[in-house]
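Structure first, then comments.
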Amino acid sequence: MPSMSITWDLVATGLARIEISDERATTVLDAATTSYAPEDLLDAVYDMVCCGEDGWRFVFETPTTAHAWLFRRTRGEVAIRILSLPSWDASDGVGVEVWASNQTVDALADATITCFQKLAGRYGEPEYFEMWREPFPGEHLKRLESVFADRQKARESGGWWCF
């Protein structure tokens, strides 16, 4: 199964550029502060890891485009599809797939955590707020880090983890 990476960079006030890649493909998307992009991604992955959620959909948007992220979980794997949409409220049926991958829940969680840890290291709280116009989603990241660490510890010790 391909391993993935996510890179998030603040490129202008209120605008982020997100690169998502696996061993087969890479895509670059933009997100604006008009959407709750960081929180939505962190919350979706948290729910996949902690709660065993079997599906999630959220949209990153800019004034000119939108990208729907669709997660469909089956046991320990997540099918990820990203669709380009003409607007945030457009139906997925009119979307064009720009990236898709099947990943383990762990690979998705690791890529997301690594992405936001690097983002936090690159920008301090004041600079992040100045660029994104919203506070860094530190509590969302800590929550995901904690549940993922618990999952890893249980796995390494031979303990039980249901998701």
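The values are calculated or read from the model by the stated rules, or taken from the named source; none is laboratory data. Computed from a predicted model, the values in this text were never measured in an experiment. Cβ coordinates were reconstructed from backbone atoms using ideal geometry, including for glycine residues, and neighbour counts include every protein chain displayed.
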Checking R155 against (1) touching a Lys or Arg at 6+ places or on another chain (Cβ under 9 Å); (2) modelled with pLDDT under 95, which single condition isn't satisfied?
(1)
Looking only at region 1-41, which residues are in a loop (DSSP other than H, G, I, E, B) and within 17 Å of E130 (Cα to Cα)?
T13, G14, T33, T34, S35, Y36
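For region 121-136, what are the residues that are in contact with a helix residue (DSSP H, G or I) (Cβ under 7 Å, 6 or more places away or on another chain) and either within 18 Å of I6 (Cβ to Cβ) or assigned to a helix (DSSP H, G or I) (or both)?
Hits for region 121-136 are Y123, F136.
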Within region 42-53, restricting to residues that are in contact (Cβ under 8 Å) with a residue 24 or more places away in the chain and either part of a loop (DSSP other than H, G, I, E, B) or aromatic (F, W, Y) (or both), the one that is nearest to R133 (Cα to Cα) is Y46
List the number of the failed condition for W99; all other conditions in (1) loosely packed, with under 14 Cβ neighbours inside 10 Å; (2) touching a residue at least 60 places away in the same chain (Cβ under 8 Å) hold.
(1)
Here are some residues: W99, W88, W69, W56. Which one is out of contact with any Pro (no Cβ under 9 Å at 6 or more places or on another chain), aromatic (F, W, Y) and not in a strand (DSSP E or B)?
W88
With respect to the numbered conditions (1) of a type in the set (G, A, S); (2) within 13 Å of the chain's Cα centre (by Cα); (3) over 24 Å from V105 (Cβ atoms), which one is the sole condition not fulfilled by S91?
(2)
Selection status of L83, in contact with a Gly (Cβ under 9 Å, 6 or more places away or on another chain) and either closer than 23 Å to S5 by Cβ or not in a strand (DSSP E or B) (or both):
yes
